[in-house]
Every structure is written in C-alpha cells, then in structure tokens.
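These notes are about the structure you will find just below.
Where a number appears in this text, it was derived from the coordinates with a stated rule and is not lab data. What you see is a predicted model, and the numbers here were worked out from it, not measured in a lab.
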Amino acid sequence: MMNVYTETGSPLGRRSVLFMLGGVAATGLLPMRWARAGGTSASALTFDGDALVVTGAQLRRFDPFGDATLLPEPRNPVRVLACHPDRPGRLFAALEGSGLDRSEDGGRTWATASGGLPRTQVTALAVAAGAPDTIYAALAEDGLWRSEDAGTNWSFVMDRPWLAEAEREILTLASVNLASGMGGIWIYAGTDQGVTRVPDCFCRWQDVVAGDAMDALVAGTPSAPEAPLPKGEPVSALVSAHSAPERLYAALPSGFWVSANGGVAWENRSSLHAQALAVDPADPDHIAAATNTELKHSRDGGTTWATLAVL
C-alpha cells in the first residue's frame, strides 16, 4: 500500500486513506497511471454525494470504501464539472470547445444537455442552491445563461461582470442560498479581477458587502468589503459549502482563501495553489483540491492538507 502523508510528514493510517479517497490506496488505481495515460493534471473535480469525481486526461470516480472507477468520457474532454448535493448521481460536464453533457448515474452514462446554448466554450458551471434542475453556465465572450429544466432548454440572463473598466470573463461560479436583504439565491462569479455576485433576479453585478444587500443595490455605492480578496488576482476556483451556506472557499495565486460570511471578509488560510476545488456536501470542513501536480484534501477547512496522489 502506498503511504499518504500530511503536510507535516505524518503518515495516515489505512482507514484514513480509504475514507479520504474511496479506497484509492487499497485498489492501486492511482492518478499517477491516469497522468501517464494522458499527460495532464486534474482540471476539475466535484463531490457526488460522498464520492469524488475527478477529470483530467481521464474521468475517474472514487467511491468511499470502494473501488476507483474509470468512467466513460462524454463526447469531448471535460473542462468543468458540477453537481447538486440534493440530487446525487446527477452530474453536468462542460466540454472542451463547446457543449454540455448530463449524467444521471454518477458519470457512467452521458447525454447532451446544451439545448439552445450557443456553440461557445462554457467556462464555468453552477447548479442552483436548493433547485437541482436549475443550472447556470458562463460562456466565453458572452455572459451568463440559465436552464430551469436540467439542461433541456437555456436562456441568456446576464452580461459578463464589468470590473476595472472592462467586461470580464467568468472563470468560476458558485450558487449560494443566503438569508440576505435580497432574500434569495446569489450567483457568485470569480474573474481575473476577483469575486463579484448577482442575485437571481439578475438586476446587476455588485461587490460583496456587509449588511443589507438590497440597500446596497439600491444605493449603487456599496461600502468597501471588510477584508477583501487581493485585487487584480484571478480566481481559479470558487466553491460554496452546502451545509454551511455562508462559507466560501477560493483559490488564487496568493493561496487558499476562506470566507465565513458570504464573501464579505476573507482569510488567507494556506499557501496552497489550486486550480480546482470541491466541498463535501455533508462536511463543510472537508475540501478536495487539485494543483498542477497533486490531488489533495483537507479535513479542517483548508488549514492543513494531505496529499492523496501525485498527478
């Protein structure tokens, strides 16, 4: 069995390894083989219930206390993955080039879910908090699209965010159900200039601020965030915690950042440089991350990390 170590160098036991990555160590189906097969690192990952689905050169599913399964590829290589914690088995995959596929069985079979979407690269996906049939997709050089029937039909809902005197591409999306002044679902977007958000009425992109969001929206001049993310840094990954809606995690070149209040204030919790993140739907402190070279996870909200496999 391969030893897996924490950041401090302490070896983890067999039971811990199995729990962390669905028996990867026990089966020997390591991402090292996957990297040799295609020569690329993990580009996206998501929790599907208590399983972890990871894509790169190949698509794999790691089930707790079970085998690591090689899944069939959709029509094209997968660029982005999304799922909904209240609908295990349903996955959405944005494909390289254009197109979106859906699976209802945890990635074992796929069907197209891009009816009405332009033939443009989907850069980010999010399934609406509390509404597993509603999906948001960001399209390159276009804007935000929404489907309310699990991808059968799509409609345009919002232009790209305007930040730092230019329209910005959406690199990552998260849907958050916050009891704020807007009283509904928020869609958070990570761009190359930081994080912004829009309520699901799609009235206007706005900065994340403390207090009543409706007042800030009406005023048009929100106060500055208490402790914002660094300005001018691209947000490569942004995820929300289903079981703790105000908890957000973000990956930037400056490290791994955490917000406990819906993005008003942020803490730089570690120096981890991740290109993809996923949060366990049942445990907001359990996070999986993909870097350029490793698949890692944390059980304490990102303070310490254990290496699951070398990519």
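Each residue of the range 147-156 was assigned a 3J(HN,Hα) from its phi angle through the Karplus expression (A = 6.51, B = -1.76, C = 1.60, θ = phi - 60°), giving 10, 10, 9, 6, x, 5, 10, 10, 9, 6 Hz with x at Gly and Pro. Once amide H atoms are placed 1.01 Å from N in the peptide plane, what residues at a sequence separation of 5 or more from GLU294, or on another chain, have their amide H within under 5 Å of its amide H? It is LEU311, by chain and number. For the range 171-178, 3J(HN,Hα) computed residue by residue from phi via the Karplus equation (6.51, -1.76, 1.60; θ = phi - 60°) reads 8, 7, 10, 9, 9, 10, 9, 10 Hz, glycine and proline entered as x.
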